[in-house]
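S.K.: There's a structure below that I have some questions on.
The values are calculated or read from the model by the stated rules, or taken from the named source; none is laboratory data. Since the model is a prediction, treat every value here as computed from it, not as a measurement. Backbone-built Cβ (ideal geometry, glycine too); neighbour counts: all protein chains shown. Heads up: the accessible areas ignore ligands, DNA and RNA and are worked out on the full protein's heavy atoms, side chains in. Shrake-Rupley method; radii C 1.70, N 1.55, O 1.52, S 1.80 Å.
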Amino acid sequence: MAINKNMDPKKCPMPVQDPMIRRNNFEEVALGYTYEMAVNEAKRCLNCKNKPCRSACPVQIDIPAFIERVADEDMEGAYKIISQSSSLPAVCGRVCPQEKQCESKCVRGIKGESVGIGRLERFVADWHREHCKEAPEMPVQNGHKVAIIGAGPSGLTAAGDLAKLGYKVTVYEALHLAGGVLVYGIPEFRLPKIIVQKEIDNLKAIGVDVETNMVIGKVLTIDELFEMGNEAVYIGSGAGLPRFMNIPGESLKGVYSANEYLTRINLMKAYLPDSKTPIKHSKKVAVVGGGNVAMDAARSAKRMGADEVYIVYRRGMEELPARKEEVEHAEEEGIIFKTLTNPVEVLGNEAGEVCGMKCVEMELGEPDASGRRRPVTKENSEFILNVDTMIMAIGTSPNPLIRSTTPGLETNTKGCIVTDGDNGLTTREGVYAGGDAVTGAATVILAMGAGKAAAKAIDEYIKNKS
Amino acid sequence: MYKIVRKKVLNPTVTLMDIEAPLIAKKAEPGQFIIFRAKEDSERVPLTIADFDRDKGTVTIIFQIVGGATMELNSLNEGDCLHDFVGPLGKPSETDGLKKVAVVGGGVGCAIAYPIAKKLHNLGCEVHSIVGFRNKDLVILEDEFKNVSDKLCMMTDDGSYGTKGLVTNALEELIKEGNQYDEVIAIGPVIMMKFVCMLTKKYDIKTIVSMNPIMIDGTGMCGGCRLTVGGETKFACVDGPDFDGHLVDFDEAMHRGTMYRDFEAHARESSCNLLNKEVK
């Protein structure tokens, strides 16, 4: 039992690579707590009885319990508690928006800074990976088969939970590599791919089959997955087609979707010096959008050698939807924030390449339906931003491949799969869905939460059926 | 793994391969495409399916050696395996209700035009095929086209084989002779498809083209393959690759196709050097 509480009002800062150095490399920005830092930070947790942090976690990790183990220096014990609820702790410790979830409810946050829950989660997962060499235990098989579509955070979470319950799980992935947005979207400097690979290896070790190069809806339909003996199917196919603004010039050479730009760099490794993947080596880049994807694209562009990188966002700094830490890191790395700015046209030269972006200034008017103040164009505020590349990071719409080949699967007007309440049941019996395919573009942890809820529902469905 | 069960050199720059991929062979239809990666660190490259054998479980691809990735693919031999092979992607070509069709193929585009001609022929449709090449040495699939066409016009730019001239010359002649086509299907270089469409627009004949833009995932994620069709943004991988040729902005497609020209030239040279080293 930890006796000495640490009453420092501030959380232990995260050691990071120096901004002037890291903006030239793709190595991880945040270096992680040392052992001593982790134990000290863990002692800041008051171990409150009603655990407000836990109820703010989409996968309901027993946060005070694992932190208590860290304070007691029982790191493996801490890992066991986290892994009861989360299949991908090393990932979540790095990419969850903790300040909007668990840490936002921390009692220590009332008169100071909340406990560094995310940093501790990351420490525990990394400690386990580095110190524990035992293969995870193979669960006892229950003889039932489930198919999962998409090896991203949602599908992998559902796969992990079902495999632990004894199901024979096959995950079908369209790309040549499992991981979904964790491998094609989130850059190496924020989430090293070796960590994702290790989490996937852990799932394989408990009997999960991962089949890459399988585009469900094309090579096999959901009906065929049932014919193959699967008793339930979980759709975690993720976000799909990138959105564009429908302004003139978006087809010019040098206009990328963030998906394409990041996929070239991350999945296709264009950041490595001997990579075979073509990518534009830009000098001045504008990234349109204010979310985490926009921050990832901007910071990647900087690392690919761009001199000037702008974030162009139509609302203000306060309204940026990205994690606070990502915004701060981007600012430190020299990303220029052009907020209250909206592009109206992409300008091209004779060769059809981007040579500028015509923008207008915005101001915030009355709140709209979402409660956020609506940006309105300032009159006569047009100006030209001198850029050679424009990256659109304004969201995606769900992938059409599955809905167009699955009879009876209802989708809403936006193309998102319709599910019943929290358990992810679609309008087809035995077919569940979650993550971006249902919600539209959201976060890794929400997708994981949906995968977790659906795994529970699938287990109940199959048990009641047989 | 995706084994190469047959490799055949069709001309000095074009190679045919039959790839073992039973699940894809079972579902493939003319007009659809696959994406391959020759080796673990190779680029993802889309290729339209040239043929398939559902019984043998093979998919045929025909490719022109244009860059580093196709050069790597060409370095593999019968018995070797491709690292990745995914498909069938895109929508199949529509063939319903067609009674008389002109199929126009240009260069290696003939590899994609052939399976559609074959399917139409098998459905009992009257098929007039017009195939064009730069010269005699580059001619591919002549016998195959003969077998599935009621009429075959062989065109070469320099007149070294067949008739000297462009595919559009032959097509216009056939139209003027009084052939009434339900549809023209044109597959080849973007510039060829553009001129075929300008011609058929004049005669008001519906024309379908198969677009092959730059893409990465091929499943509707990256958005790299976007085209402007009828003023709207379309994605070749999920909305196509077949489009109404009278609505496609070909000039824009040609521009976008040159995005990585310098990189490609560089990659081709370094691949050559690497392969030469391996030979030594």
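S.K.: Restricting attention to region A:263-281, and to residues there that are surrounded by 24 or more Cβ atoms within 10 Å (Cβ to Cβ) and more than 9 Å from every other protein chain (Cβ to nearest Cβ), which single residue is nearest to B:Gly224 (Cα to Cα)?
M.R.: The qualifying residue nearest to B:Gly224 (Cα to Cα) is A:Ile265.
S.K.: Those residues that are assigned to a helix (DSSP H, G or I), touching a residue at least 60 places away in the same chain (Cβ under 8 Å) and more than 7 Å from chain A (Cβ to nearest Cβ), I need them from region B:233-263; list them, please.
M.R.: B:Ala236, B:Cys237, B:Asp239, B:Phe250, B:Ala253, B:Met254, B:Gly257
S.K.: Given the criterion more than 14 Å from every other protein chain (Cβ to nearest Cβ) and assigned to a strand (DSSP E or B), identify the matching residue among A:Ile200, A:Ile148, A:Ile194.
M.R.: A:Ile148
S.K.: Hey, another quick one. Quick one: would you say A:Gly77 is over 14 Å from A:Cys48 (Cβ atoms) and small (Gly, Ala, Ser)?
M.R.: So A:Gly77 passes the test.
S.K.: If I filter region A:223-254 down to residues being among the hydroxyl-bearing types (Ser, Thr, Tyr) and closer than 27 Å to A:Lys452 by Cβ, which single residue comes out as farthest from the other protein chains (Cβ to nearest Cβ)?
M.R.: Looking at residues that are among the hydroxyl-bearing types (Ser, Thr, Tyr) and closer than 27 Å to A:Lys452 by Cβ, I get A:Tyr234.
S.K.: Return the residues of region A:348-369 that are of a type in the set (Gly, Ala, Ser) and open to solvent by 80 Å² or more (accessible area, probe 1.4 Å); say none if nothing qualifies.
M.R.: Scanning region A:348-369 gives a single hit, A:Ala369.
S.K.: Evaluate the following for A:Asp307: is it more than 14 Å from every other protein chain (Cβ to nearest Cβ) and open to solvent by 10 Å² or more (accessible area, probe 1.4 Å)?
M.R.: yes
S.K.: State all residues of region B:180-203 that are over 18 Å from B:Val229 (Cα atoms) and exposed (fewer than 15 other Cβ atoms within 10 Å of the Cβ); if no residue qualifies, say none.
M.R.: If the condition is that a residue be over 18 Å from B:Val229 (Cα atoms) and exposed (fewer than 15 other Cβ atoms within 10 Å of the Cβ), then B:Gln180, B:Asp182, B:Lys202, B:Tyr203 are the ones that fit.
S.K.: A further question on this structure: List the pairs whose first member sits in region B:10-26 and is within 11 Å of B:Asp53 (Cβ to Cβ), whose second member is part of a strand (DSSP E or B) and among the charged types (D, E, K, R), and whose Cβ atoms are under 7 Å apart, counting only residues at least 6 apart or on separate chains?
M.R.: B:Asp18/B:Arg6; B:Glu20/B:Lys3; B:Ala25/B:Asp53
S.K.: What's the total number of residues in region A:79-92 that are in contact with a Phe, Trp or Tyr (Cβ under 8 Å, 6 or more places away or on another chain) and either open to solvent by 10 Å² or more (accessible area, probe 1.4 Å) or among the acidic types (Asp, Glu) (or both)?
M.R.: Final tally of qualifying residues: 2.
S.K.: Condition test on A:Arg299, is it crowded, with 24+ Cβ neighbours inside 10 Å and modelled with pLDDT of 95 or more?
M.R.: Yes.
S.K.: Would you mind telling me which numbered condition in (1) open to solvent by 30 Å² or more (accessible area, probe 1.4 Å); (2) within 27 Å of B:Pro46 (Cβ to Cβ); (3) among the hydroxyl-bearing types (Ser, Thr, Tyr) B:Ser160 fails?
M.R.: Answer for B:Ser160: the failing condition is (2).
S.K.: When A:Glu130 is evaluated against the numbered criteria (1) loosely packed, with under 14 Cβ neighbours inside 10 Å; (2) modelled with pLDDT of 95 or more, which criterion, by number, is the only one it fails?
M.R.: (2)
S.K.: Please go through region B:222-232 and pick out each residue that is in a strand (DSSP E or B), facing chain A (nearest Cβ under 10 Å) and buried (at least 16 other Cβ atoms within 10 Å of the Cβ).
M.R.: B:Arg226, B:Leu227, B:Thr228
S.K.: Still on this structure: With the condition kept exactly as written, say whether any residue in region A:231-251 is open to solvent by 10 Å² or more (accessible area, probe 1.4 Å), in contact (Cβ under 8 Å) with a residue 24 or more places away in the chain and farther than 26 Å from A:Ala393 by Cβ.
M.R.: For region A:231-251, residues open to solvent by 10 Å² or more (accessible area, probe 1.4 Å), in contact (Cβ under 8 Å) with a residue 24 or more places away in the chain and farther than 26 Å from A:Ala393 by Cβ: present.
S.K.: B:Lys206 fails exactly one of the following numbered conditions: (1) buried (at least 21 other Cβ atoms within 10 Å of the Cβ); (2) closer than 25 Å to B:Cys125 by Cα. What is the number of that condition?
M.R.: Looking at each condition in turn, B:Lys206 falls short on (1).
S.K.: Using the structure shown, decide if A:Ile195 is open to solvent by 10 Å² or more (accessible area, probe 1.4 Å), out of contact with any His (no Cβ under 9 Å at 6 or more places or on another chain) and over 25 Å from B:Gly87 (Cβ atoms).
M.R.: no
S.K.: In region A:1-25, what count of residues is obtained for those that are in a loop (DSSP other than H, G, I, E, B) and surrounded by fewer than 19 Cβ atoms within 10 Å (Cβ to Cβ)?
M.R.: Qualifying residue count for the region: 17.
S.K.: So, of the residues in region A:255-270 that are modelled with pLDDT of 95 or more and among the small types (Gly, Ala, Ser), which turns out to be farthest from A:Ala178 (Cα to Cα)?
M.R.: A:Ser257
S.K.: Report, by residue number, each residue of region B:40-66 that is in contact with a helix residue (DSSP H, G or I) (Cβ under 6 Å, 6 or more places away or on another chain), open to solvent by 20 Å² or more (accessible area, probe 1.4 Å), within 13 Å of chain A (Cβ to nearest Cβ) and closer than 30 Å to B:His266 by Cα.
M.R.: Hits for region B:40-66 are B:Glu43, B:Val45.
S.K.: Can you pull out the residues in region A:26-57 that are open to solvent by 30 Å² or more (accessible area, probe 1.4 Å), under 25 Å from A:Ile194 (Cβ atoms) and in contact with a Lys or Arg (Cβ under 9 Å, 6 or more places away or on another chain)?
M.R.: The answer is A:Glu28, A:Met37.
S.K.: Test B:Ile216 against the criterion of being assigned to a loop (DSSP other than H, G, I, E, B), aliphatic (A, V, I, L, M) and more than 14 Å from chain A (Cβ to nearest Cβ), and give yes or no.
M.R.: No.
S.K.: Still on this structure, please answer the following. Filter region A:205-218 for residues that are away from every other protein chain (no Cβ under 14 Å) and either assigned to a loop (DSSP other than H, G, I, E, B) or at pLDDT below 95 (or both) and give the result.
M.R.: A:Ala205, A:Ile206, A:Gly207, A:Val208
S.K.: Another one. Could you tell me how many of the residues in region A:322-336 are closer than 29 Å to A:Ser251 by Cβ and surrounded by 18 or more Cβ atoms within 10 Å (Cβ to Cβ)?
M.R.: Qualifying residue count, region A:322-336: 3.
S.K.: Related question: Residue pairs, Cβ under 6 Å, 6 or more apart or interchain, first in region B:167-196 and assigned by TED's automatic domain parsing to the domain that holds B:Ile130, second assigned to a loop (DSSP other than H, G, I, E, B) and open to solvent by 10 Å² or more (accessible area, probe 1.4 Å). List them.
M.R.: From residues that are assigned by TED's automatic domain parsing to the domain that holds B:Ile130, the pairs are B:Ile175/B:Tyr203; B:Tyr181/B:Ile205; B:Asp182/B:Leu98; B:Asp182/B:Lys99; B:Glu183/B:Leu98; B:Glu183/B:Lys206; B:Val184/B:Ile205.
S.K.: Taking A:Arg299, is it touching a helix residue (DSSP H, G or I) at 6+ places or on another chain (Cβ under 6 Å) and basic (Lys, Arg)?
M.R.: Against the criterion (touching a helix residue (DSSP H, G or I) at 6+ places or on another chain (Cβ under 6 Å) and basic (Lys, Arg)), A:Arg299 qualifies.
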